[in-house]
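Engineer: Have a look at this one.
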Amino acid sequence: MTHIPANRALLPALAAGFLVFSITLAAAGILDFPTVRTDLSPEQLKRVRDVTRATSNFLKAEPYETMQGGGLTAIDNVTRDIFSQPSANLNPEQGQDFHLGNALFRKLWVSAPSSTQASDGLGPLFNARSCQSCHIRDGRGHPPETAGAVATSMVLRLARNATTPDEEQAVKNFHALNLPDSTYGVQLQDLAVPGLDAEGKVTVTYSEEKVTLAGGETVSLRKPAYGVSDLAYGPMDAGTTLSPRIAPPMIGLGLIEAIPDADILANADPDDKKGTGIRGRPAIVRDHRTGEIALGRFGWKAQNATVRDQVADAFSADIGISTPDRPNAHGDCTDREARCLVMPTGVQKRLGDTEAPDPVLPLVTFYSENLAVPARRNAGAPDVLHGKDMFYRSGCTACHTPKFVTRDGIRDKDGKDSPQAFQLIWPYSDFLLHDMGEGLSDGQQVGVASGRDWRTPPLWGIGLTQTVSGQQTYLHDGRARTLTEAILWHGGEAEKARNAFADLSKDDRQALINFLESL
């Protein structure tokens with residue numbers, strides 16, 4: 001078994017140079033992000049600021065607080081399929097697109113050549129045969145449950161630092177967020193089509209660390225160690241880092257994309273000019289279609305700007321299926337995996353130039369954009385309101401921003417009002433990068449995100465994890481088995497809030513957990 005050491009030779013030149021509220025891209029030199037919303041009149045802007053201002057009243061639920069996804073909120077009875085409901089305000093045509101996208105999301109791809117020509121092209125190297133295989137019932141994934149098991153809903157992202165002037169320039173200009181392993185590419189694929197060896201296996205071992213909370217309660221934290229075994233194509237680069245990532249929940253993605261850049265950037269404070277110790281920084285990426293610099297919002301390190309970027313990346317890296325946005329039919333095969341590069345592909349010229357030609361990608365993107373956020377439960381219950389008070393008092397909202405109002409005037413592909421337009425939503429995230437401490441570091445640079453940096457994940461729906469996924473696995477690698485464990489892993493910028501939680505009385509801590517479980 002090979003263990004890959006964490007590479008802490010970060011790229012400090014990229015991690016610096018972002019000024020509060022001007023957010024000038026010194027490294028790229030080509031963009032000033034907007035700092036004021038332009039989609040609203042002054043009167044509307046004042047109304048939005050009033051409605052999104054943090055509350056100080058914990059005696060009752062706030063207006064519309066139960067409708068976490070605004071008018072798109074799913075108010076269905078809670079079942080294991082609650083994350084798979086469509087946005088509540090879709091018209092009939094949009095509803096049809098949602099269901100077509102759902103079918104493609106669940107579709108099992110097969111290796112080429114196959115008699116089912118519209119479904120072949122899997123791999124040749126891959127991690128899963130369908131989107132649903134990772135995002136089980138559209139919920140979160142989990143690490144391998146037993147030694148030697150196929151990871152499926154957790155992948156290892158591979159990356160190394162730039163070693164040549166051309167590579168350094170590509171990273172500096174955001175044409176690459178990091179560099180792939182020379183042999184195994186951007187991701188370790190632990191599955192392969194018949195006749196080809198998989199790249200290797202993910203290995204994970206755990207040790208337990210005891211933490212004592214106020215009042216004497218003891219919690220055991222599961223500390224993982226990651227590696228790879230059975231590498232089929234030779235050793236990895238000496239500087240390659242492993243970043244374990246479980247599949248995140250799919251709900252509310254279109255609403256996240258509809259949050260104005262200016263409202264996300266309003267919470268950025270990379271130089272800590274406010275003196276709070278919270279240094280939220282925007283993720284800077286390039287839109288895969290336009291090539292333009294954009295604000296990263298999706299992925300554990302906010303490496304993708306749009307839902308479509310995220311979907312195309314998953315098709316390519318996870319399943320090995322080419323799309324118009326990622327047209328390489330051999331997926332993540334590298335030049336050192338020569339046999340992989342000569343395997344047949346699923347490209348059918350009569351259907352198009354890729355294995356998943358239009359409208360596959362747009363339909364799966366639409367489906368992903370319109371998985372509804374479930375309604376809150378028990379938002380007005382006294383213990384939940386008390387827990388909300390503890391959540392605010394502990395400083396959790398410094399990163400987990402409760403609410404936003406999405407952009408007005410968004411149009412769909414037919415020029416009609418988008419379902420996501422002008423909605424009051426409650427994601428509990430600032431969608432910025434934060435240093436989460438050495439305990440959660442993966443040692444992997446992703447653009448401006450260092451090995452210690454992670455995007456604040458939205459909390460909506462987190463209380464339904466057990467219901468949807470059948471188990472509880474939290475944080476980027478699923479190490480935390482309870483919400484309490486997840487909080488106690490917080491370090492770096494979040495250490496003050498973590499300690500505040502640990503210092504609460506047992507009843508106050510439970511109330512805070514009850515609040516999270518109501519989301």
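We did not get these values from a lab; they are worked out from the coordinates using the rules stated. These figures come from a predicted structure and were not determined experimentally. Methodologically, a virtual Cβ is constructed for each residue, glycine included, from the backbone with ideal geometry; neighbour enumeration extends over all protein chains shown.
Engineer: Quickly work out the THR146-to-ASP414 label distance, labels modelled 7 Å from Cα along the C-beta direction, and quote it in nm with one decimal.
Structural biologist: 5.0
Engineer: Please list the non-local residues whose amide H lies under 5 Å from the amide H of ARG286, H modeled 1.01 Å from N, same-chain partners needing a gap of 5 or more.
Structural biologist: Sorted by chain and number, the residues that satisfy this are ALA294.
Engineer: Once you mark the GluC sites (Glu not before Pro) that are in a DSSP loop and have at most 14 other Cβ atoms within 10 Å, what is the longest gap between them in the chain?
Structural biologist: The reported range is 293-519.
Engineer: ³J(HN,Hα) across the stretch 367-374 via Karplus (A = 6.51, B = -1.76, C = 1.60, θ = phi - 60°), whole Hz, x for Gly/Pro?
Structural biologist: 4, 5, 6, 10, 7, 6, 7, x
Engineer: With a point put 7 Å past each Cα toward its Cβ, work out how far ASP272 is from SER229 in nm, to one decimal.
Structural biologist: So the label points at ASP272 and SER229 sit 4.2 nm apart.
Engineer: Helix 92-106 versus the longest principal axis of the chain: what angle, 0 to 90°, nearest 10, using Cα atoms?
Structural biologist: 60
Engineer: Using DSSP to call loops (not H, G, I, E or B), can you name the trypsin sites (Lys or Arg not before Pro) in the stretch 245-347 whose Cβ has at most 14 other Cβ atoms within 10 angstrom?
Structural biologist: LYS273, LYS274, ARG289, ARG336
Engineer: What is the angle, in °, between the Cα long axis of helix 382-393 and the longest principal axis of the Cα atoms in the chain? Nearest 10 is fine, range 0 to 90.
Structural biologist: The angle comes out at about 80 degrees.
Engineer: Same structure again: In sequence order, what are the phi-derived ³J(HN,Hα) couplings for the stretch 335-344 according to the Karplus relation 6.51 cos²θ - 1.76 cosθ + 1.60 with θ = phi - 60°, rounded to whole Hz, with x for glycine and proline?
Structural biologist: So the J values, rounded to whole Hz, are 4, 7, 10, 4, 5, 4, 6, 9, 5, x.
Engineer: While we're here: Quote the relative contact order of the stretch 138-191 in percent (integer), defining contacts as alpha-carbon pairs under 8 Å separated by 6+ residues.
Structural biologist: Relative contact order for the stretch 138-191 comes out at 35 percent.
Engineer: Continuing with this model, one more query. Need one word for the stretch 136-243: rounded, prolate or oblate. Basis is the Cα gyration tensor (sqrt eigenvalues a ≥ b ≥ c); a/c below 1.5 gives rounded, then a/b vs b/c decides.
Structural biologist: Taking the square roots of the gyration eigenvalues as a ≥ b ≥ c, the stretch 136-243 is oblate.
Engineer: Percentage of Cα-Cα pair distances in the stretch 422-519 greater than 16 Å, rounded to whole percent?
Structural biologist: Counting pairs separated by more than 16 Å, the tail of P(r) holds 62 percent.
Engineer: Roughly how tilted is helix 506-518, in degrees to the nearest 10 and between 0 and 90, from the longest Cα axis of the chain?
Structural biologist: Once rounded, one gets 60 degrees.
Engineer: While we're on this one: Could you run the Karplus curve 6.51 cos²θ - 1.76 cosθ + 1.60 with θ = phi - 60° over the stretch 164-175 and give me ³J(HN,Hα) per residue in whole Hz, x for Gly and Pro?
Structural biologist: Whole-Hz 3J(HN,Hα) from phi for the stretch 164-175: 10, x, 5, 5, 4, 5, 4, 5, 4, 8, 6, 7.
Engineer: Among residues other than ALA118 whose Cβ falls under 10 Å from its Cβ, what is the net charge (Lys/Arg +1, Asp/Glu -1)?
Structural biologist: Charge balance near ALA118 sits at -1.
Engineer: Okay, moving on. If you check each cysteine of the chain for another cysteine whose beta-carbon is under 4.7 Å away, which ones come up empty?
Structural biologist: Among the cysteines of the chain, those whose Cβ sits 4.7 Å or more from every other are CYS131, CYS134, CYS396, CYS399.
Engineer: How much net charge surrounds ASP287 when only other residues with a Cβ under 15 Å from its Cβ are counted (Lys, Arg +1; Asp, Glu -1)?
Structural biologist: Residues close to ASP287 contribute a combined charge of -1.
Engineer: Additional query: Based on the alpha-carbon gyration tensor of the chain and its eigenvalue square roots a ≥ b ≥ c, which shape applies: rounded if a/c is under 1.5, prolate if not and a/b is larger than b/c, or oblate?
Structural biologist: Rounded is the answer for the chain, as its axis ratio a/c remains below 1.5.
Engineer: Determine the distance separating the Cα centre of the stretch 74-122 from the Cα centre of the stretch 351-389; give it in Å without decimals.
Structural biologist: 13
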